[in-house]
1. Tell me which label goes with the value of percent of Cα pairs over 38 Å apart computed from the coordinates here: (1) 27; (2) 38; (3) 43.
2. Helix-only estimate, please: 222 nm mean residue ellipticity of the chain, summing -39500 (n - 2.57) across DSSP H runs of length 4 or more and dividing by its residues, to the nearest 500.
3. Applying 1/(1 + (r/R0)^6) with R0 = 41 Å to the Cβ-Cβ distance of ILE49 and ASN187, what FRET efficiency is obtained, to the nearest 0.05?
4. Need the C-alpha centroid separation for segment 327-368 versus segment 296-317, integer Å.
5. For the residue pair THR233 and PHE336, what label-to-label distance in nm results when each label sits 7 Å from Cα along the Cα-to-beta-carbon direction?
6. Rounded to the nearest 0.05, what FRET efficiency is calculated for VAL170 and GLU100 with R0 set to 30 Å and r the Cβ-Cβ distance?
7. Obtain the nm distance between the two label points defined at ALA536 and LYS88 by a simple spin-label model: each point lies 7 Å from its Cα along the Cα-to-C-beta direction.
8. Where both partners of a DSSP beta bridge lie in segment 5-204, what percent of those bridges are antiparallel, to the nearest 5?
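The values are calculated or read from the model by the stated rules, or taken from the named source; none is laboratory data. Keep in mind the model is a prediction, meaning the values are calculated, not measured. Please note: Cβ atoms are built from the backbone with ideal geometry, for glycine as well, and neighbour counts cover all protein chains shown. For accessibility, only protein heavy atoms count, side chains too; no ligands or nucleic acids. Shrake-Rupley method; radii C 1.70, N 1.55, O 1.52, S 1.80 Å.
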Amino acid sequence: MTESIVNDLTIQAATVNGSGSQTANLVLTRAIFHMGIPVAPKNVFPSNIEGLPTWYQLRITPEGHMARSDKVDILIAFNVATWREDLKSVRPGGVVIHEEAFSTADVRTDIVYYPVPFSKLAKSKIQSDTLRKQLANMIYVGVVAGLLGIPWGAIEHGVKRQFLPKPKAVPVNLDAIKVGYDYWQDNFSKQDPYRLEPMTGVVEGKVLVEGNQAAALGALMGGVTVVAWYPITPSSSLCEYLIAYADRFRVDEKTGEKHVSVVQAEDELAAVGMAIGAGWAGARAMTSTSGPGISLMAEFSGLAYYAEVPVVIFDIQRIGPSTGLPTRTSQADIGFVYTLSHGDTKHLVLLPGTVEECYEFARDAFDHSDRFQTPVFVLSDLDLGMNLWMTPEFKYPEKGFDRGKVLSKQDLEKLAGEWGRYRDVDGDGVTYRTIPGTDHPAAGYFTRGSGHDEQARYTEGAEAYARNMDRLSRKLETARHALPAPVVEESGASIGLIAFGSTHSAVIEARETLAAAGKAIDYLRVRALPLSDDVAEFVRRHDHVYVVEQNRDGQLFDLIRLALPAQLVERVRSIRHYNGQPIPAAAITEPLIQLEAVPA
């Protein structure tokens, strides 16, 4: 056996969807995290309910890298249908824990096999016929615990944490894990180098949270009062979490009255229409969807933009076009969402790159929407939204809500009723509004998606239309400087990277890898559209800048080039990853090294 490899490995469980394997995987994840070891789980699941292959990758590194790895150190092979193909993913010298009944004829000889009779153990050791299928997965948790030296106390914590709402399930699951743990102890001697040891100082103060869960909590803290939605993968869990939080934290203790109204609409078109109507009425309203839903929302998005109605729209991106791959991740909606609708339309788009930002941007989106009286899109993706991520604990909001330029009864009295809904008084493109029900005869106005002048009166006048569109452009420019600025990390390198969203974790690791090889790379992370002026200045300071994104067409790459002065355009290049799997660091380092070796 070679020298020990400690706390630096990737586990992949290859199982069948609907078998209960996800629960076992999460127990293992939480147990290792409880040891103080950084974890980065990625779940790859099919778009059916049950029966197709599913994979769960759990990456463990002492540095706390969060990106997916292309290399598997330990394979848990539970699915005979993918058995041969799964073996190919294991690095030489790696480990395979597999069902004993799987054929080992003509298999690789450069890896270590631990055959376990999972089916026989489940049949003989698990008495409940109804639970046997699910608990069989817990047996492999015990085998892995024995293999890697995971303390039993950590396993107990993982089970108790996973079954927090169902404490009666804890003993039976621990018993199943013990079956696997005892089998390892009684039948195997360790033939591989992998083990885990408790760590300190890395994960303290951090929690494991999904991006959709964080966004739901952020929306609650942002003061959402109306949620209209239609279920669609991978965004459904955002509203499901929000409903649970609202039922827990937004109910009057005395009367039982709910302070958040939730409507499951008949489709995405109806959902966004309801949310826009609620925003017009003064509520803080939102919907959540994915690419196909965004397509349906195009016309209503244009209405909210042109009539200037606040609403927050979450887009948890997945692979398209059309139905695409509903359970694979992507960043291919950014170009579409930014200009969603026909005609000259540009929206405010927030681009969280961490779970902490999913919380913060979801919270702040309602302020931006109210302040600028316009739709605000929050673009996450399946990887960031549906996987667990290590994150610092969230901060409670320190400031109140910003409702923007809202005229009260007292304001209207001071103005003697003289105001115009679409009149730019302050020169920033942002006009004043009233909320329906304001007790003043001058509070009312017509809201329309057709041509209108400064007084909200219908007109088809050419000059009035041009003035209105110019004002909307000024408003966008004002918003540009109010949205989250890019995060820039520079050391004077000649090469730079630009990325957004969940690509951030792969960029962090790629920069560390390149720095260790003597190649320093600067980095700018875009966090909002319209683009900040900082982007052009970053490009100006570098010989070459590579825009890294998870789509085929280089959509952010194109948006950046459109925004740059002509003399800077040729400095920008594109690195793209679009197979539906979360981007690994190697998908950045390898093409970058190759491209930099070839003269432009």
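1. Among (1) 27; (2) 38; (3) 43, the one derived from this structure is (2).
2. Taking each H run of at least 4 residues, the total per residue is -11500 deg cm²/dmol.
3. 0.70
4. After rounding, the separation between the Cα centres reads 11 Å.
5. 1.7 nm
6. According to the calculation, E is roughly 0.60.
7. 4.8 nm
8. 45 percent
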